[in-house]
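Accompanying notes for the structure given below.
The numbers here are math on the coordinates, done by the rules we state, and not lab data. Since the model is a prediction, treat every value here as computed from it, not as a measurement. Here Cβ is always computed from backbone atoms with ideal geometry, including for glycine, and neighbour counts include all displayed protein chains.
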Amino acid sequence: RTMASPPGWHERTKQRMKAMGFKDVRVRLHPGRHKAERTLDEDLDGASLCVIWSSSSGVRALARGIPTVYCAPHWILSSAAGRGLETVFDPPHSDHDRLEAFQRMAHAQWRVDEIEAGTPFARMLERLEDARW
């Protein structure tokens, strides 16, 4: 459970955001445990920022061009997002960083048959060899 948010993280974060001056702070609880009243896209409509622990909601927000901040120890699109609430007023939001992060994420996706054939490992070894030169 190292990537699960700490108990009560969402409520503490909401209160901190309000104390920082954010007026419309919405919380989406984990969809596996809670039924959302609105779709993720409806919640993201008009958003100027998305704050997550570590969530695919942040992936969707970045895909829509919404600056994103994550608070977990690491996150798949970390190079295109701010880390920690101290970055909420100036999170990274460059199109170049987003594109590179999405490209890296795409290159990390493999089918079972590719994994069974060893393709990802061969690719990693190729990259290591390329990096040495």
Study note, to complete from the structure: Burial-style ranking of 13-26, 43-56, 89-102, 108-121, average other-beta-carbon count within 10 Å with highest first, yields 43-56, 89-102, 13-26, 108-121
Practice item. Express the C-alpha Rg of segment 37-110 as a ratio against the empirical globular expectation 2.2 N^0.38 Å, rounded to two decimals. Key: 1.04
Check your understanding: How big is the Kirkwood radius of the chain, worked out from every pair of different alpha carbons and given in Å to one decimal?
Key -> 16.7 Å
Point to revise | Scaled radius of gyration (Cα, divided by 2.2 N^0.38 Å) that segment 1-69 gives | key: 1.09
Practice item. Show which aspartates and glutamates lie in cross-link reach of K35 when reach means a straight Cα distance below 20 angstrom and same-chain residues fewer than eight apart are skipped. Key: E11, D43, D45
**Study point:** Extended-chain gain in nm, criterion 0.36 nm per residue less alpha-carbon gap, F121 and S94
**Key:** 6.6 nm
Point to revise | Whole-Hz couplings from phi, Karplus 6.51/-1.76/1.60, listed for segment 88-99; x for Gly and Pro | key: 5, 7, 8, x, x, 8, 7, 4, 4, 5, 4, 4
